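Data block below; observations after.
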Amino acid sequence: MSRLIAAMSGGVDSAVAAARAVDAGHDVTGVHLALSRNPRSYRSGARGCCSIEDAGDARRAADVLGIPFYVWDMSDEFADAVVDDFVAEYEAGRTPNPCLRCNEKIKFAAVLDRALALGFDGVVTGHYAQLREGASGEVEMHRAIDAGKDQSYVLGVLTQEQLAHSHFPLGDTDKPAVRAEAERRGLTVAHKPDSHDICFVADGDNAGWLRDKLGPRPGTVVDEDGEVLREHDGAYAFTIGQRRGLRLGVPADDGKPRFVLDIEPVSGTVTVGPREQLRVDALECIRPLWAGAAPDGRLEGTVQLRAHGDEHVAVVELVEATGTVQVELRDPAFGIAPGQACVIYDGTRVVGSATIARTRRLTTA
Amino acid sequence: MNDSGTTVYLDHAATTPMWPEAIAVMTEELGRIGNASSLHTSGRAARRTVEESREVIAECLGARPSEVVFCSGGTEANNLAIKGLFWSRRAADPARDRIVFSAIEHHALLDPVTWLATHEGARIDTTPVCREGRIVIDALREAVDRDPASVAAVTTMWANNELGTIQPIDEVVAIAQAHGIPVHSDAVQAAGYVPLDFAASGLDAMTVTAHKLGGPVGIGALVIKREIEPTPLMHGGGQERDLRSGTIGVPLIAAFATALQITVRRQAQDVERIERLRQRLVDGVRRVVPDAIVNGDPEPGPDHRLPNIAHITFPGCEGDAMLMLLDAQGIECSTGSACAAGVPQPSHVLLAMGYDDVAARGSLRFSLGHSSTEADVDALIAALPGVHARARAASLVRDAS
């Protein structure tokens, strides 16, 4: 038996995960993380993880399970490590994933550290991923059996130390079965919709939220020849690979759709062009985090470049001298932005992750 | 769980167990039919119970029966008092748009006053407090005397709910009455632990609630002079002097009267016993956590502080971590405040007293009551060293991150 903190968002997954931890004989204490300094400013209702309603749902689930329940105020940590980082990354023309960041810095760091200091043995969450014991006793993280729900990508930032104190009881179950189990257990959140988007962007309007934070930063949208197609009031409203909402007015010469190819944050210049220019064959990544030992030499495996994105067969190499990770894709990816995480797999096993710094095309299409 | 495997309840200022006699009276009344406003025999019987209860409560509080207006509890009584007085006094003279208020009031008064400021144009003068949690009476005098004709009402709680500091109600009353300004006091925490004499106090209105003194939750009273007519919050059947419409809760009122009667009868001996327990608690905490700071007025007695509250700062710890660890051992206390989402916010009372955010978050309130025992206190002291060490470690982790 372990003493575990169950991180309970108020959703169905974390409620069932906590229930399974109780069934497994652990001494479980439910904790809801208050991430907003002003709960009303974050997404409300069923869609996010930060509202008063969600705290109430989490409390009700804990009541049903008969476990203690507390709210931990992590709003300062969240603002510093996740929200400020999110803003800074967009300001620098990159595309961050705040969920990875939250897992790395909050759920499996600030929360886990606090839990361990308070005498708990680890943290249980409702993430869809599987933990197994490896050949030499280390903890391996594998993809969930429900490919549609698999969340190993957003957990790819976890180190062995973090994994050794983590419990993901839902990795062997598909979502419909989790909902059915919640219903069977009398958890009122059984039919609550899944959360989407970014919890701290209240209305889902990413660009509008960034505009409020960063103010207008006028710039231009240009084509590959540098011809100005329109003006804009903030490059942060654009993401590499974006096609919709460009409002270019005039069609391209060849009549084909155009996509955001590049964002230059200092001048605010957004370059658009045809899809083939989005093709990426190689990545240079920084800040690697390994789930276990760092790979020795070249690793032939797969990489995933966005949440719920495709797997790409790849050769991954850690460059010891620079601490960077070079990734050669065997099949090209499209619309990959610096700032996104490259999570590296060996089969179903997560090897580690790194942040994409640069992308390259091997041949001009 | 603690060694004995039972709950150690040290949160009597939140709510205290009902007296068995009050439970018996309430249970009996729940089995009876009769709307106290009906004219038939059952109605008259219910009415008789209500009026007899009102007489008991009035006698216990030094008030006349007609001055006791039943309502749902402390929050409603405070809302009726402050909104009602503001509306009626301003209606009589539009110049009266100020409320003289204190910085340490409970949310049940702070929030209606804030609402009046936001929605009704009330101007608020907030009296500051000293480090011990007592209002600075000269500041209140200045606020009133500056322009007495513009003051709609003055309100100051009898005893603070977080530190137990007793306020100089006599002086507040003297200052306001020199100008004919009505004075309200929230006596929710004081009732049961200090003698309350409404007539002798000179107050115009006073809030009490049953569940803080061994009665049921859901019933309280605004004690208010006959000649004062606040604008009601509830309109309807005209019950309770037309000040609080709504069918009268006979079982709740009967149990309230029983609880108050027992509390007042036993008050002298219970207060002495509880004060000794508090001393045992404070001594014990200081023994096992030498750097703990006991907040508020160190002097006991009805002019200083309540006998049952020990408010303690544990430097380098977070109160909510300690609360959780104590709770895991069956020991229940309070961090002093909670908001809707359960996110611990630093108490506005402690901040007003000059504590910083960190000290405010690092404090716990232990409150004793009629059922408290030496064993309760000893269980806390036995658990505290381990809890304190863990909470301090967790706090260091947090600072480091």
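The values are calculated or read from the model by the stated rules, or taken from the named source; none is laboratory data. The structure displayed is predicted, hence computed values, not measured ones. Cβ coordinates were reconstructed from backbone atoms using ideal geometry, including for glycine residues, and neighbour counts include every protein chain displayed.
Find the residue count for the stretch A:56-102, including only residues that are away from every other protein chain (no Cβ under 13 Å), under 17 Å from A:A34 (Cβ atoms) and not aliphatic (A, V, I, L, M).
Total meeting the criteria: 2.
Table: residues versus (1) in a loop (DSSP other than H, G, I, E, B); (2) in contact (Cβ under 8 Å) with a residue 24 or more places away in the chain; (3) under 30 Å from A:H127 (Cα atoms).
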{"position": "A:Y236", "(1), (2), (3)": "no, yes, yes"}
{"position": "A:I240", "(1), (2), (3)": "yes, yes, yes"}
{"position": "A:L246", "(1), (2), (3)": "yes, yes, no"}
{"position": "A:P251", "(1), (2), (3)": "yes, no, no"}
{"position": "A:G255", "(1), (2), (3)": "yes, no, no"}
{"position": "A:L261", "(1), (2), (3)": "no, yes, no"}
{"position": "A:L283", "(1), (2), (3)": "no, yes, yes"}
{"position": "A:P288", "(1), (2), (3)": "no, yes, yes"}
{"position": "A:G301", "(1), (2), (3)": "no, yes, yes"}
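Determine, yes or no, whether B:F314 is touching a Gly at 6+ places or on another chain (Cβ under 6 Å) and away from chain A (no Cβ under 14 Å).
yes
Of all residues in the stretch A:254-304, which are under 29 Å from A:S136 (Cα atoms) and surrounded by 16 or more Cβ atoms within 10 Å (Cβ to Cβ)? If you could, list the steps in order and put the result at the bottom.
Filtering the stretch A:254-304 for residues under 29 Å from A:S136 (Cα atoms) gives A:285-304.
Scanning the stretch A:254-304 gives A:C285, A:P288, A:L289, A:W290, A:A291, A:G292, A:P295, A:L299, A:G301, A:T302, A:V303, A:Q304.
Going through the stretch B:281-292 one residue at a time, which ones are surrounded by fewer than 16 Cβ atoms within 10 Å (Cβ to Cβ) and either in contact with an Asp or Glu (Cβ under 8 Å, 6 or more places away or on another chain) or without any contact (Cβ under 8 Å) to a residue 24 or more places away in the chain (or both)?
Scanning the stretch B:281-292 gives B:D283, B:R286, B:P290.
Across the stretch A:130-166, what is the number of residues that are in contact with a strand residue (DSSP E or B) (Cβ under 6 Å, 6 or more places away or on another chain), charged (D, E, K, R) and surrounded by fewer than 16 Cβ atoms within 10 Å (Cβ to Cβ)?
Of the residues in that region, 1 qualify.
Restricting to the stretch A:162-193, count the residues that are closer than 18 Å to A:I145 by Cα and in a loop (DSSP other than H, G, I, E, B).
Selection size over the stretch A:162-193: 7.
Name the single residue that is nearest to A:V31 (Cα to Cα) among those in the stretch B:293-339 being β-branched (V, I, T) and buried (at least 18 other Cβ atoms within 10 Å of the Cβ).
B:T335
Output yes when any residue across the stretch B:371-386 is farther than 22 Å from B:V136 by Cβ, buried (at least 16 other Cβ atoms within 10 Å of the Cβ), under 21 Å from the mean Cα position of the chain (by Cα) and not basic (K, R), and no when none is.
The answer is yes; a qualifying residue exists.
If only one of B:R44, B:R48, B:R90, B:R96 is part of a loop (DSSP other than H, G, I, E, B), at pLDDT 95 or above and surrounded by fewer than 23 Cβ atoms within 10 Å (Cβ to Cβ), which one is it?
Going through B:R44, B:R48, B:R90, B:R96 in turn, the sole match is B:R96.
Condition check ((1) closer than 18 Å to A:Q340 by Cβ; (2) modelled with pLDDT of 90 or more) across all residues:
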| position | (1), (2) |
| --- | --- |
| A:P251 | no, no |
| A:D262 | yes, yes |
| A:S267 | no, yes |
| A:V280 | yes, yes |
| A:I286 | yes, yes |
| A:L289 | yes, yes |
| A:V303 | yes, yes |
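For a quick check of your reading: which strands (runs of 3 or more DSSP E) sit entirely within the stretch B:167-260 and have at least 2 residues that are without any contact (Cβ under 8 Å) to a residue 40 or more places away in the chain?
B:183-186
Select from the stretch B:132-166 the residues that are free of Cβ contacts under 8 Å to residues at least 60 places away in the same chain, touching a Leu at 6+ places or on another chain (Cβ under 9 Å), part of a loop (DSSP other than H, G, I, E, B) and of a type in the set (A, V, I, L, M, F, W, C) and list them in ascending order.
Of the residues in the stretch B:132-166, the ones free of Cβ contacts under 8 Å to residues at least 60 places away in the same chain are B:135-151, B:154, B:156-158.
If we keep only those that are touching a Leu at 6+ places or on another chain (Cβ under 9 Å) as well, we get B:154, B:156-158.
Filter once more, keeping what is part of a loop (DSSP other than H, G, I, E, B): B:156-158.
B:M157, B:W158 - these are the residues of the stretch B:132-166 that are free of Cβ contacts under 8 Å to residues at least 60 places away in the same chain, touching a Leu at 6+ places or on another chain (Cβ under 9 Å), part of a loop (DSSP other than H, G, I, E, B) and of a type in the set (A, V, I, L, M, F, W, C).
How many residues are exposed (fewer than 13 other Cβ atoms within 10 Å of the Cβ) and over 15 Å from B:V173 (Cβ atoms) when one looks only at the stretch B:133-146?
2
Taking the conditions exactly as written (touching a Lys or Arg at 6+ places or on another chain (Cβ under 7 Å) and either among the charged types (D, E, K, R) or within 30 Å of B:H388 (Cβ to Cβ) (or both)), does A:A79 satisfy them or not? Spell out how you get there, then give the answer.
Working: touching a Lys or Arg at 6+ places or on another chain (Cβ under 7 Å): yes; either among the charged types (D, E, K, R) or within 30 Å of B:H388 (Cβ to Cβ) (or both): yes.
Spelling it out, A:A79 is indeed touching a Lys or Arg at 6+ places or on another chain (Cβ under 7 Å) and either among the charged types (D, E, K, R) or within 30 Å of B:H388 (Cβ to Cβ) (or both).
Within the stretch B:369-401, take every residue that is part of a loop (DSSP other than H, G, I, E, B) and in contact with a Phe, Trp or Tyr (Cβ under 9 Å, 6 or more places away or on another chain) and give me the one that is farthest from the other protein chains (Cβ to nearest Cβ).
Applying the filter and picking the extreme gives B:H370.
What single numbered condition from (1) over 20 Å from B:L252 (Cα atoms); (2) touching a strand residue (DSSP E or B) at 6+ places or on another chain (Cβ under 7 Å) fails to hold for B:G74?
(1)
May I ask you to list the residues in the stretch A:109-154 that are more than 14 Å from every other protein chain (Cβ to nearest Cβ) and among the aromatic types (F, W, Y)?
Result: A:Y128, A:Y153.
Failed condition for B:L80, given (1) within 20 Å of the chain's Cα centre (by Cα); (2) surrounded by fewer than 22 Cβ atoms within 10 Å (Cβ to Cβ); (3) at pLDDT 95 or above; (4) not basic (K, R), with all others met?
B:L80 satisfies every listed condition except (2).
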